[in-house]
Every structure is written in C-alpha cells, then in structure tokens.
1. Across segment 239-256, what is the number of residues that are surrounded by 13 or more Cβ atoms within 10 Å (Cβ to Cβ), more than 27 Å from the chain's Cα centre (by Cα) and assigned to a helix (DSSP H, G or I)?
2. Is it the case that segment 315-327 has a residue that's closer than 14 Å to residue 236 by Cα and in contact with a helix residue (DSSP H, G or I) (Cβ under 7 Å, 6 or more places away or on another chain)?
3. Mind checking whether some residue in segment 291-311 is closer than 30 Å to residue 143 by Cα, out of contact with any helix residue (DSSP H, G or I) (no Cβ under 9 Å at 6 or more places or on another chain), part of a loop (DSSP other than H, G, I, E, B) and at pLDDT below 90?
4. Keeping to segment 1-54, report how many residues are farther than 19 Å from residue 94 by Cα, at pLDDT 70 or above and assigned to a loop (DSSP other than H, G, I, E, B).
5. Taking segment 143-161, which residues are assigned to a helix (DSSP H, G or I) and surrounded by fewer than 17 Cβ atoms within 10 Å (Cβ to Cβ)?
6. Take residue 92 and decide whether it is modelled with pLDDT under 80, surrounded by 14 or more Cβ atoms within 10 Å (Cβ to Cβ) and not assigned by TED's automatic domain parsing to the domain that holds residue 14.
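The values are calculated or read from the model by the stated rules, or taken from the named source; none is laboratory data. What you see is a predicted model, and the numbers here were worked out from it, not measured in a lab. Glycine gets a Cβ as well: all are built from the backbone with ideal geometry, and neighbour counts include every protein chain shown.
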C-alpha cells in the first residue's frame with residue numbers, strides 16, 4: 001500500500017484528482033499543458049492502491065468525497081475513462097495512445113536490452129507460441145539472434161508461429177508483461193540468477209589458467225550444469241581467432257603489440273595464422289620474428305598478456321567499436 005512518504009508530487013496530484021472524481025476535477029485539467037497532462041496521467045496509472053490514511057495526509061478536506069471506502073484504485077482502465085470524461089475526444093485519445101505506448105515500451109525496451117544469453121535461456125522454458133509473441137515485440141536484430149541460437153526444428157516452429165500470429169487480447173498481453181517484469185526484469189527474477197552466472201564467468205575468465213581449470217574441473221564434478229553455463233558465457237583468447245577478419249583487424253589496431261607478441265607465444269598455429277592474416281606483410285613478418293626472438297617467458301606472463309587482450313576486446317565491444325557474437329555481414 002502506498003504511503004505519503006513514497007508519493008512524489010505527481011502521485012500526490014494524481015491522488016487528489018482521483019479523490020475529486022471526474023466532474024469536480026474537470027476544470028483543473030484545462031490549466032495543464034500537454035506534458036503535464038501526460039505526466040499526471042502516467043502517475044494515475046501507476047498509483048495502485050492508496051489507503052485512507054494516506055489520502056487524509058495529502059488532502060484531509062477531500063476525505064468525505066470517498067465516503068466509507070477505505071481505499072481506491074488508480075489503474076489503466078480508470079485513468080482512460082477519466083481522461084475521456086474530462087478532455088476533448090481527440091486530445092483524450094492522443095494522451096491515452098501516448099501513455100499506453102510509454103507503458104508498453106518500458107517493458108519491451110528493457111527486455112530488448114537484457115543480456116541475450118540470459119533472455120534466450122529464459123525463453124528455452126517457454127512454449128513456442130509464447131516465445132513467438134515475445135519475439136514479435138522485440139527489435140528484429142534481437143529476435144533474429146535468439147532464433148538463430150535455437151535448434152533448426154525449434155527455430156522453424158517459432159517462425160511458423162510468428163507468421164500465423166493473431167491479435168492477442170489486451171488482458172492476456174498485460175499478464176505476459178507482468179510475468180516478464182517479475183521473472184526476467186525484476187531484481188529478484190530469474191534473470192538475476194543468470195546474471196550471476198555471467199559475473200562468475202567474468203571472474204573465472206580472469207583467473208590464471210591453472211586456477212581456471214581447477215575451478216571448472218571442480219564444478220564439473222559438483223555441478224556440471226553450472227560448469228557448462230559458465231563455459232558458454234566465457235570469452236577466451238582462443239575465441240578471438242573465431243571473429244571475422246574486420247573485427248580482428250580492429251582489435252590488432254587497438255592492442256599493445258608487445259602484449260600480442262607474448263600472448264601468441266605457444267599459441268596454436270591456427271590462432272597465430274588468424275592474426276598474421278589480418279596484418280600487412282611487413283607487420284606479420286615483424287611479429288613472427290618478435291615471437292621467435294622472445295627469450296624464456298613464464299607461462300603466467302603469457303596468460304596475463306592473453307587476459308589483457310581479452311579485457312581490451314570486451315572494452316572495445318562495450319564502446320561499440322566491434323561486434324562480437326553476430327553473424328551479420330560487416331560493410
């Protein structure tokens with residue numbers, strides 16, 4: 001139940017408007033500009049239940065307007081009816097459309113920004129029809145990555161359902177949004193657990209090789225599922241070799257050349273070849289000579305050099321300089 005301590009100005013105003021009712025509050029709306037109408041309308045929609053004691057604290061003189069009731073509810077339906085009764089039809093519909101879009105986009109915009117591996121893992125437990133409905137609300141760039149990660153049979157089923165997707169009753173759609181809010185987007189939802197796996201993967205990724213192998217080996221023994229999920233979320237120096245040529249070229253330009261020399265010491269020939277291929281002939285020849293000319297070097301130093309490159313690659317991805325994990329062609 002809402003208390004006055006947690007009510008900001010907009011919600012206090014929304015409380016007063018709802019207490020006044022449509023008829024008494026109608027003249028007040030004419031004094032508000034478009035942005036104020038939208039802000040107040042959103043506050044009314046989000047208000048929820050307001051106890052009588054809270055109403056008394058906000059506007060004691062209005063308590064008599066709600067008679068013997070001990071609470072009232074501000075929600076979508078009441079707000080829309082309220083707006084239609086106090087505003088000209090065109091203006092009311094415009095405001096309703098705008099606040100509906102804002103309310104809807106909040107969930108879907110945040111869902112689109114959710115970690116893809118976590119979202120995909122969540123959808124693995126959902127019915128294909130539900131998956132199709134969710135993907136229909138996400139940007140194509142996000143939906144395509146999720147579909148491409150599915151087995152062919154499942155991906156085809158989802159696509160068929162997307163093609164045949166019909167309109168969904170608003171009540172069912174709102175139920176879906178609430179479920180996503182609770183189970184994926186909320187701090188206590190299942191996604192937060194998956195985020196914990198991502199955090200652990202980052203930590204394991206930063207360990208020295210022997211420590212990393214020891215941790216994962218122990219997890220293989222005690223919790224194989226966790227070990228598998230952590231490995232899937234890890235990005236290693238070897239993974240750099242699987243990136244497209246233009247991405248590797250960008251990485252080479254952004255990393256320390258001596259660090260690369262150490263990192264490639266003892267690396268598989270195929271991985272070395274991926275780097276050399278994406279350099280000029282002169283730079284490739286120089287790097288090859290530098291690797292051969294390195295004196296004895298500790299394994300720890302090689303691992304640290306590789307970890308630094310992985311860290312730099314992640315920084316470049318976060319800055320939008322490169323894209324990892326996409327099959328989209330680069331132009």
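1. Looking only at that region, the number is 3.
2. There is at least one residue in segment 315-327 that is closer than 14 Å to residue 236 by Cα and in contact with a helix residue (DSSP H, G or I) (Cβ under 7 Å, 6 or more places away or on another chain).
3. Looking through segment 291-311, none of the residues is closer than 30 Å to residue 143 by Cα, out of contact with any helix residue (DSSP H, G or I) (no Cβ under 9 Å at 6 or more places or on another chain), part of a loop (DSSP other than H, G, I, E, B) and at pLDDT below 90.
4. Qualifying residue count for the region: 1.
5. 144, 148, 152, 153, 154, 155, 156, 157, 159, 160 - these are the residues of segment 143-161 that are assigned to a helix (DSSP H, G or I) and surrounded by fewer than 17 Cβ atoms within 10 Å (Cβ to Cβ).
6. Against the criterion (modelled with pLDDT under 80, surrounded by 14 or more Cβ atoms within 10 Å (Cβ to Cβ) and not assigned by TED's automatic domain parsing to the domain that holds residue 14), residue 92 does not qualify.
Here is a yes/no grid of residues against (1) under 23 Å from residue 205 (Cβ atoms); (2) in contact (Cβ under 8 Å) with a residue 60 or more places away in the chain:
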| residue | (1), (2) |
| --- | --- |
| 258 | yes, no |
| 262 | yes, no |
| 269 | no, no |
| 272 | yes, no |
| 282 | no, no |
| 299 | yes, yes |
